[in-house]
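Reviewing the structure listed below.
The values are calculated or read from the model by the stated rules, or taken from the named source; none is laboratory data. In this text, all values refer to a predicted model and were calculated from it rather than measured experimentally. Don't worry about glycine lacking a Cβ; one is built from the backbone with ideal geometry, like all the others, and counts go over all protein chains shown. Only protein heavy atoms, including side chains, enter the accessible area calculation; ligands, DNA and RNA are left aside. Shrake-Rupley method; radii C 1.70, N 1.55, O 1.52, S 1.80 Å.
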Amino acid sequence: MKRILFVDDDPEFLAALRALFVGAQPGWEFEFAAGGEAAWELAAQKPFDAIVADLAMPGMDGAQLLTKVLNRLPRTVRILLSGQDDRESAVKLLGVAHRYLAKPCDAAELRDTLARAFALSETLANEQLQQLTSQIKSLPSLPDLYVNLLNELRRHDPSLPKIVQIISQDFGMCTKLLQLVNSAAFGLHQPLNGVEDAVTYLGVETIKGLVLTLQIFSLFQRVRIKDFSYEDLWTHSWTTGMWAKRIVVAETRNHVQAEQAFVAGLLHDVGKLVLASALPEQFQTAVSLQRSQKLPLRLAEQITFHTTHAEVGAYLLGLWGIPAPVVEAIAWHHQPQKDPSGNFSIVTAVHVASGLEHEHNGVVFREHPDLNQDYLHAIGVSERQGFWHEGIWDSSQG
Ligand SMILES: [Fe+2]
Ligand SMILES: [Fe+2]
């Protein structure tokens, strides 16, 4: 039984939630609190699986309540509801809540958000993962340059020169960024000469994703692992990001989702970097097992670590407050059937893009295909594969 607490100072809103949810969702039980203090009292008596709190409340507001919950009951799923006017402050609170929903919110969206959050926390609640991450003494913190960039982007009116200035402080970052965007894979017709051009042309969201990924890739110490190439991992990640984005554009034309798919694709295998740098001997064992037994790396990791790079990566990015849809796509990129929506999503796109890239490069063993055909069939996109394939090849040649 999942226990969910709704917190709002508006009695009418609580009554509406009560009417919509109570009894409508088997396996879910609801409680209601009229403010932050009352909610905290209830939560302290018996923890909830999820707390959905309004941001603006007199006394203890939603952000204060969820900060207390984060510190004292970290396993609780935290969802913050905010009105149009305080959306900006909600964004500033990145990390306090797992998700932010704008009010008025649709019951189906709220239900879907809760279902996904529960499914993700189940994926990440496995004991082996907890043990493993506790062995990793210091997980790196979110890179500074990215944090500075986020702070600027969170301002009401982010300034382009400031964004360019932040990125330009790191010469290595500028070089890598320009190399990337001018590489054939990006398919630009004209080369971009400076960071300003790149930001203007590609948009801040794409640049933000690229900066995060480049920083993460340089963050981890590259311990030499026999038969494991960091360059190949980078190429695979990069291609997966590009392809996942194209697949989302082809299916949904939703550009926010497309950018999230791009970032999720870039970062989907980041758990391999964590394992290789933090636990190199065991990771070497997994890689050797992959070779000798012709197993996909995820199965070799499962044998060695009792968990895989997918969960490890999602765990780290979840700690950093990376948006939930990105974290989900990373967590489930090998097991897309865990996405409770049952529809095409960025989880699908990253699963397919990574799988196609592996197939393209011949790293898939016949006994262990990368693409989950049952899943693709179940969500009704099985016959779209040929189309995706063509779109990917066409544009990567362009
Ligand atoms: Fe993977
Ligand atoms: Fe992959």
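Summary table below
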item: Residue among 181, 195 that alone is over 25 Å from the mean Cα position of the chain (by Cα) and open to solvent by less than 40 Å² (accessible area, probe 1.4 Å); result: 195
item: Residue satisfying condition, being part of a loop (DSSP other than H, G, I, E, B) and either open to solvent by 40 Å² or more (accessible area, probe 1.4 Å) or of a type in the set (A, V, I, L, M, F, W, C) (or both), within set 289, 266, 295; result: 295
item: Qualifying positions in region 237-277 - among the small types (Gly, Ala, Ser) and within 14 Å of ligand 2 (Cβ to nearest atom); result: 237, 241, 244, 261, 264, 265, 271
item: Subset of region 298-321 that is β-branched (Val, Ile, Thr) and touching a residue at least 60 places away in the same chain (Cβ under 8 Å) - its residue that is surrounded by the most Cβ atoms within 10 Å (Cβ to Cβ); result: 312
item: Qualifying residue in region 201-218 (condition: closer than 20 Å to residue 178 by Cα, of a type in the set (Asp, Glu) and in a helix (DSSP H, G or I)); result: yes
item: Residue check, residue 257 over 16 Å from residue 233 (Cα atoms) and either outside the structural domain of residue 361 (by TED's automatic domain parsing) or open to solvent by 10 Å² or more (accessible area, probe 1.4 Å) (or both); result: yes
item: The listed residue being in the same structural domain as residue 375 (by TED's automatic domain parsing), away from ligand 2 (no atom under 14 Å from the Cβ) and under 25 Å from residue 223 (Cα atoms), out of 280, 325; result: 280
item: Count of region 22-52 residues which are in contact with a helix residue (DSSP H, G or I) (Cβ under 7 Å, 6 or more places away or on another chain) and in a helix (DSSP H, G or I); result: 4
item: Criterion: outside the structural domain of residue 117 (by TED's automatic domain parsing), more than 15 Å from ligand 1 (Cβ to nearest atom), of a type outside the set (S, T, N, Q) and in contact with a strand residue (DSSP E or B) (Cβ under 8 Å, 6 or more places away or on another chain) - qualifying residue of 245, 294; result: 294
item: Every residue from region 219-263 that is out of contact with any Lys or Arg (no Cβ under 6 Å at 6 or more places or on another chain), of a type outside the set (Gly, Ala, Ser) and assigned to a loop (DSSP other than H, G, I, E, B); result: 220, 221, 222, 223, 224, 225, 226, 228, 253, 254
item: Some residue of region 258-274 being among the polar types (S, T, N, Q), closer than 21 Å to residue 344 by Cα and more than 12 Å from ligand 1 (Cβ to nearest atom); result: yes
item: Residue match in region 277-286 (condition: within 12 Å of ligand 1 (Cβ to nearest atom), touching a residue at least 40 places away in the same chain (Cβ under 8 Å) and more than 19 Å from residue 124 (Cα to Cα)); result: no
item: Which numbered condition residue 188 fails, given (1) part of a helix (DSSP H, G or I); (2) over 21 Å from residue 328 (Cα atoms); (3) aliphatic (A, V, I, L, M); (4) modelled with pLDDT under 80; result: (1)
item: Single condition residue 379 does not satisfy, out of (1) more than 14 Å from ligand 2 (Cβ to nearest atom); (2) out of contact with any Asp or Glu (no Cβ under 9 Å at 6 or more places or on another chain); (3) at pLDDT 95 or above; result: (2)
item: Hey, residue 224 within 30 Å of residue 343 (Cβ to Cβ), modelled with pLDDT of 90 or more, open to solvent by 20 Å² or more (accessible area, probe 1.4 Å) and in the same structural domain as residue 385 (by TED's automatic domain parsing) or not; result: no
